[in-house]
1. Tell me the per residue accessible area of the chain using a 1.4 Å probe; a whole number in Å² is fine.
2. Using only alpha-carbon positions, what ratio does the radius of gyration of the stretch 24-90 give when scaled by 2.2 N^0.38 Å?
3. Can you pull the percent of the stretch 22-147's accessible area that's carbon plus sulfur, 1.4 Å probe, other chains left in place?
4. Can you tally the net charge around GLY18? Count Lys and Arg as +1, Asp and Glu as -1, for every other residue whose Cβ sits under 14 Å from the Cβ of GLY18.
5. Which of the lysines could be linked to LYS38 by a straight reach, that is with a Cα gap under 18 Å, when you skip same-chain ones fewer than 8 residues away?
6. Name the lysines eligible as straight-distance cross-link partners of LYS97: C-alpha to C-alpha under 19 Å, and not fewer than 8 places from it in the same chain.
7. Between VAL27 and LEU82, what is 0.36 nm times their sequence separation minus the Cα-Cα distance? Round to one decimal in nm.
8. Rounded, prolate or oblate: which fits the stretch 87-141, taking a ≥ b ≥ c as square roots of the Cα gyration tensor eigenvalues, rounded meaning a/c under 1.5, else prolate when a/b beats b/c?
Amino acid sequence: MITEEQLKYPIGEYSHEGKITPEQLQVWLGQLDELPGKLRKAVAGLEDWQLDTPYREGGWTVRQVVHHLADSHMNSFTRFKLAITENGPTIRPYDEKKWAELVDSRTAPVEWSLDWLEILHQRWCMLLRSLTTEQLHRTFFHPDSVEWIRLDWNIGMYAWHGNHHTAHITELRKRMNW
């Protein structure tokens with residue numbers, strides 16, 4: 001029997017302690033590079049009724065998950081640019097749950113966000129690979145979590161984020177035998 005925690009966090013919660021090595025950064029950047037293709041493969045062949053199936057009771061539909069990834073990663077790209085070009089900016093949070101309920105998140109074709117993620121991740125990874133050690137150590141302030149977030153740590157967070165939501169879809173497909 002799968003627990004609620006396993007449904008919510010199929011790959012576990014994000015955690016990274018200690019020094020972030022160049023090798024670790026390369027792993028995370030590779031995961032960011034691969035996300036659009038992995039996500040596209042995860043939803044390949046799904047019909048609308050399947051895309052409109054929640055990955056768990058009370059959770060988002062597959063369609064909402066795909067659109068959420070595009071929304072979230074777009075916001076993160078902007079936050080990285082702010083942290084690189086400003087000194088310790090306070091980022092603007094957004095209500096991801098309310099965004100997921102908007103008509104585009106609930107009904108738009110997933111291909112729109114899949115295409116968007118491909119281009120976004122090309123630009124984002126290009127930017128991230130150009131950062132110096134000093135830039136990777138820059139921070140922004142997140143008023144919701146009330147913490148300073150360092151860019152190198154945040155690269156890992158978003159690599160995990162993409163894998164986390166892709167696993168929501170692939171694990172649902174396994175459970176439903178799709």
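1. Value for the chain: 56 Å² per residue.
2. Normalised by 2.2 N^0.38 Å, the Cα Rg of the stretch 24-90 equals 1.43.
3. Answer for the stretch 22-147 is 54 percent, counting heavy atoms of protein chains only.
4. -1
5. Hits, sequence-local ones excluded: LYS174.
6. LYS8
7. My answer for the length gained is 17.4 nm.
8. Cα axes put the stretch 87-141 in the oblate bin.
The values are calculated or read from the model by the stated rules, or taken from the named source; none is laboratory data. Keep in mind it's a predicted model, so treat the numbers as computed, not measured. Please note: Cβ atoms are built from the backbone with ideal geometry, for glycine as well, and neighbour counts cover all protein chains shown. Only protein heavy atoms, including side chains, enter the accessible area calculation; ligands, DNA and RNA are left aside. Shrake-Rupley method; radii C 1.70, N 1.55, O 1.52, S 1.80 Å.
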